[in-house]
Structure formats: structure tokens, C-alpha cells
1. Using heavy-atom solvent-accessible surface (probe 1.4 Å) with all chains present, what is the largest-first order of A:347, A:225?
2. Compute the acute angle (0 to 90°) between the alpha-carbon long axis of helix A:362-375 and the principal axis of greatest extent of the alpha-carbon atoms of chain A; round to the nearest 10°.
3. Stokes-Einstein diffusion coefficient for chain A at 25 °C in a medium of 0.890 mPa s, Rh from the Kirkwood formula over Cα pairs: what value in µm²/s?
4. Can you tally the lysine pairs in region A:52-174 where the Cα-Cα distance is under 21 Å and the two residues are eight or more apart, or on different chains?
5. For region B:2-215, give me the percentage of DSSP beta bridges that are antiparallel, rounded to the nearest 5 percent.
6. List the residues whose amide H sits under 5 Å from the amide H of residue B:254, counting only those 5 or more places along or on another chain, with H placed 1.01 Å from N in the peptide plane.
7. Work through the residues other than residue A:363 whose Cβ is under 15 Å from its Cβ and net out their charges, Lys, Arg +1 and Asp, Glu -1.
8. Note the angle between two axes, namely the Cα long axis of helix A:19-40 and the longest principal axis of the Cα atoms of chain A, as a number of degrees from 0 to 90, rounded to the nearest 10.
Amino acid sequence: MRLLIASFRKDARRALRDPSALALWLGIPFSILLVMNLAFGGRASSGPRPQGVILIADQDETLLSGAVSSAFSQGPLGEMFKPEKTAEPDGRARMARGEASALIIVPKGFQSAVLDNRPAVVRLVKNPSQSIMPEIAGQSLDMLAEAVHYMHVVAGDELKMISSQTGQPSDNDVVKTSLAFNATVKRLRQYVDPLLLELEIKQPPKKEESKPFNMFASMFPGIVFMSILFLGRGSSDDIWDELRWATLRRAQSAGLPVTALIGGKMLAAMLTAALVTGLALVLGWLFAGITVANWPAALGWLMAGAAVWYLAMLILQILAGARERGEIFTSLVVFPSMMVGGSMFSFDMMPESIAAIGKLTPLGWMVARFVSILGGAAPAASVLAWLGVMATAAAVLFMLSARLLRWRFLKG
Amino acid sequence: MIEVDHLRKAYGPLVAVEDASFNARPGEIFGLLGPNGAGKSTTIGCICGLLTPTAGSIRVSGHDVVASAQAAKRTIGVVPQEIALYEDLTARENLDYWGAVQGLGGAALNSAIKEALQSTGLADRAKEPVKRFSGGMKRRLNFAAGILHKPKVLLLDEPTVGVDPQSRVHLLDLVRGQAKAGACVLYTTHYMEEAETLCDRLAIIDHGRIIAQGTLEELRSMLGERDLLRLTGVFPEQAVRAALSQEPELELLGFEDGQLRLALARASERLSRLFELLGAAGAEVRGTTLTRPNLESLFIKLTGKELRE
């Protein structure tokens, strides 16, 4: 124990002697978070959605041509588009200036062509500098065309009746048209009332009212573990200094067991993790509403994570056999882990399938449980069980690293 | 007390030390003198337990270094050839760590650190990080880290490599002080002058084998108080050999590549006579090097090469 304390004290002093490394281990992950926050506006779905201007040059000015414009101002399309009526030349000029997502030109004779089931060409001019909004406008027009087609299938005769009328319809015409529509509805009723298809209606579980998306809060757990990964990698790299300075061999000749040496380094990494992530938790409290009551469990989890990642990285360094190869080996683990394990992108931001895979990785497993701990959703018994898993992993890695270190560098 | 008995250390087919035997006593400075790669560091590695001997036995302070490694290590202080210090820690923090590793703690450790800093002349730089130290200061601190626990056996592996003359003198004084205090000091070096001025007894090692050992006087006597004369030039071999064979108290040590090596008594008095003989034999002497009997000349006599080659 005395030797373990001596080793820990030495490595803790060395770690704290280099505040720039501590700042980097915290600074890089939080810089990434800051950049992501700036790039995506921080609150992805609670803020105003992007709205595209859609210009409509209505040259027909009839009931049906007006319906095209109305389609873009109602329902979900209405949230996405702001339709503005314009003349074609003015519309084209505005498109050239990139002031709108799309221009729809409804030609003269559109209504009569639709009612007579003749081809009608509605032209769509897309803004080439945008990709999503013009595409939505195009898809919406396709859906309108399909609707017109099915309208003709079920009520083609009635539509022809309407189109054959000129001027103000007489009461007689209105009655005839109404009766014709009524007959059509009766014809369809045999299929729809009662329905020939038996529908099983499932009520989806009532979703809890979702809180507004907060990117900082969403990414915070993964970002903190990114610090832990960097710290583990940086701390494990120290084994090369021990070899270069011959302090490892001197310690061996002075009777320091390898277990005390690695144990001291692991404890120093845990202490460093507590300092670095303690500061991170303060940031989390300020910007992500992390409850202070959850800090002790969170800090314990992070320190356990630091021990596991330090030992895992140390094993990779030893297996690599040289500092340069050690950097490559550890990078091969750190960066893919960060990508799928919830550090670079939170699980909320990933497709469900990728998130499910990510949560199976060691980092993802730790991050997912850290989310529960931070949110106070994890029962104490679960947290203890998880810590038990971490302690077991750390013990196995510890013994393995000690054996490998003796085998690789201290065999005589 | 160090007792090395028929030590052999091999790495596969490569034999680093072969059949080395010697004893070093308390209060004595025992030197291991040999060129780089002779097997000095391997021998020290085996004594301090870093390396496992392939054959033979080593006892330190009565403990077998393999069977009772920890007991043996407790009595040993090692000053490695490398400056084995943490560059980012201060001198005091380094000593604090190495002292603790060697079993010291509390007031005893503080007192030992204070004493070591004083004796190495580093007390006023104790709070500075080692990376700011000169090479000589680092060497002194390296030495201090090995003597904190007042070891009975002190192993010094070329502790003065690359230091300035002032620090060297200081270090050698420190080594003498340790021996005076009763420690058994094993000192490896390839500096002949250091071995001559410092060591009570010596073993000369080359290619892993001890080729001679004893006190300085005993080793010198192996040369028979003869000087070593090295001549360069053009030497017709047969004629020169015939001419020199008539000369009393002269031994022809080597004859190769325009170089003639001779061992002879009172060489300076006999130089003119030698030149006459060689001239008569048709030789042309271009250079002369006269070496008084010392470890260097003994090493040359025993191995046919200079110590620093």
C-alpha cells in the first residue's frame, strides 16, 4: 500500500504539473460541442423550422388554380412554405436572385383541362442552390396530380358535367350535379360502408409531451466521456516516458512491484478524471440543467470509466511496443468508439439502428448508463450493479496490463 | 558484500557475461573496467535483480538475488547509467518518490532528502524541475536518488558519463564518501583514469569475461613494470624480429599494419638504441607513443586493443 501511495503521489503530481493537458482533455470535447451547437442552432426542433418561399404565378385564376396555391398554405406544407403570388416574369427574376425555393407556373386553361381530363402542364422552377425545399415542392405537386387522377376515376362524369356548363349554373344544373355526386357516393358506399376490409385500429401509446430538444444536454454525456477517452489515451502514453527515462527499470531494481506502479498511474488517472469531469459537471449544471444531487453518482461513474479506459489504452500501448505504434493502436479504438459510442453524436441524433449498435460498444454502454445516472432515472441498485461490472472489467484489465508490462519490457 | 560466482548471462546464442566471479567487500570500491559492450551493465543488472542469471550465483549482503530477491534489493542502492529521473518533477519530488520506493517515509525520508540535496550541492535548486538542470546536476541528482536509504551495497553503472570535470570530481568524492561510510561499492566504468584513482580493487572485463582482477598494484605487476611502446612506420618483419630478438627485457606484443607494439623496461632510456637497431634492420619509424605501465597498457597487453576502441 505504501508503494502504491508513493506511485500514485508521483503520477498525480506529474499530471497536475501539466495543466495544458488537462485543459485539452476537457477543451477539445467541449469545443466540438460548441461547434455542433453553433452549427445546428442548439435546439433543433424547438426553434422555428426552416421555411421556404414558394412563388406561384397563377395565370388561370380559377377555383382549381387557386387550390394549388392553397395546398401550400395549409397543413404541414403551410409550416414549411410561405406561398407568394407573383407574375411569371417577376417570379423568374426573383428565382434568379435566389429569393425563393421554387416557382410554380399554373397556365391559363388549367381548370378546364383538369375538369375535361385533358393534359395540363404545371411548370416548376427549382432553386438549384437549395436541395430539400424545392424537392418537397416537386413531390407535393406530384401528389396533387395523383389526386386529380383519382378524382377522375371516381367522379369523372360529374366533373365533365361541371365543365360543360358555361356561365353561372342554374338551380337545375346544381340539383343535377348534386344528384349525380349523390349517386356516386351511394355506389361507393357498398365498398366503404360497412367496410369490406376489417381494420384493426391500434391506438399508439400516448407519448409524453416531449421536451424541447437541447443539443447541449443531448451531447453532454457523450462529450464528457470523450474527455475520459482522451485522458485515458494521454495518461497511458506516459509509459513511453517511463521507458525512455529508464525510471521503469530503476523502480524495478529498487523493488517497486509492477502492480504498484500501474495502480498508482490508474489512481492518478482517476483523480485527473475527477478534476476534469468535475468541471464538466459544473458546465452541465449551468447549460444542461444537470441536477447537483446526481453529481456524486455521476462522478463515481466517470472515475470508474477513467480507470477502465486508462487500463485498456495501457494494454494497447504495451502491445504496440513503441510510442508511434501506440498512438495508432489507441486511435483505432478511440475514434471509432467516439463515432458510434455516443460521444461525437448523441444517440438521440443517430438513426435508431446505429444507436442500438453504438449502445453495445463499451463506450456506448457507459454513455447510455451515464445518461440515466445524470437524469436521476437509475435506481441505486442498478448503479451499484453497473459499478460492479466496471470494477470487474478494471480488475481484469489491471492484471492483464501488469502481466503484459512484465512480459514486454521487464523480462530479464 | 557482493559475491558473484561463475555468473553467466546469455540471450539465446548471444553470451553477454561468461563465467564471471568476483567478491566486493564492505567499505571497498570495486571497479569493473571494460569497454562499452563488455558486459558491465549486464553484470550489474544481474546483481540488482533486473536480469536473471543463466547460470552461476550472486549473493548480496548474504541474500541470494534470485531466491531472496526482495531481501537482497532492500540492501542495494542503484545508480543507473541512464539519468533515471522524472524530468517534470522537481529535484525534491524526485527524491521523495525514490526514497519512498526504497522504503523510507515520514521524518526519515525528509531528513534523507535534505542530506542528499546538501551532499550533492543541489539544496538551492531543490524546487526546480529537473528538466531545467544541466547534465552534471542531473547526474548528481541521479546519484542522490540511489543513496537516500543508505544502502549497504551501492551499484554504480558508469555514473560519470557525459559530465563536466567539476561534477565528475564532486561525484567521485561522493562515491568515496559512501565507501568510507561502510558501503560496498561496485563501480563500472570505461574510464581508466577513474578506475585508477577511485577503485581499491578492479576486475577488467572484455567480451563478457573477466580477464584480470586484483588491486591496482597487482594488476600493474602483471605488466612487470614495463613501459608500452608503440611505433608506427614501415617495418620489414623478418629483419625487425631478428634485430629485436637480440635486445634483453623486450617483448614484442604485436606486429600489424605498419605498427609495432613493444613492452620493455626503461623505454625512454633505450629509445635511441632501439631506433639504431630498427634503422639497421631497414625500418622507417614515423611515430612513437610511449605509455607508462597503467591499466590502459595492461588492457592493451591482454586484449591487443585500446580500452576505448
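The values are calculated or read from the model by the stated rules, or taken from the named source; none is laboratory data. On a predicted model such as this, the values are computed, not experimentally measured, just so you know. Reconstructed Cβ throughout: ideal geometry from the backbone, glycine too, with neighbour counts over all protein chains shown. Note: areas computed on protein heavy atoms with side chains; ligands, DNA, RNA excluded. Shrake-Rupley method; radii C 1.70, N 1.55, O 1.52, S 1.80 Å.
1. So the residues, ranked largest to smallest area, are A:347, A:225.
2. Computed tilt is about 80 degrees.
3. 91
4. Step by step, the pairs that qualify in region A:52-174 add up to 5.
5. Beta bridges within region B:2-215, antiparallel portion: roughly 55 percent.
6. Residues meeting the amide H criterion: B:261.
7. Residues close to residue A:363 contribute a combined charge of +3.
8. Taking Cα atoms only, the helix is inclined about 0 degrees.
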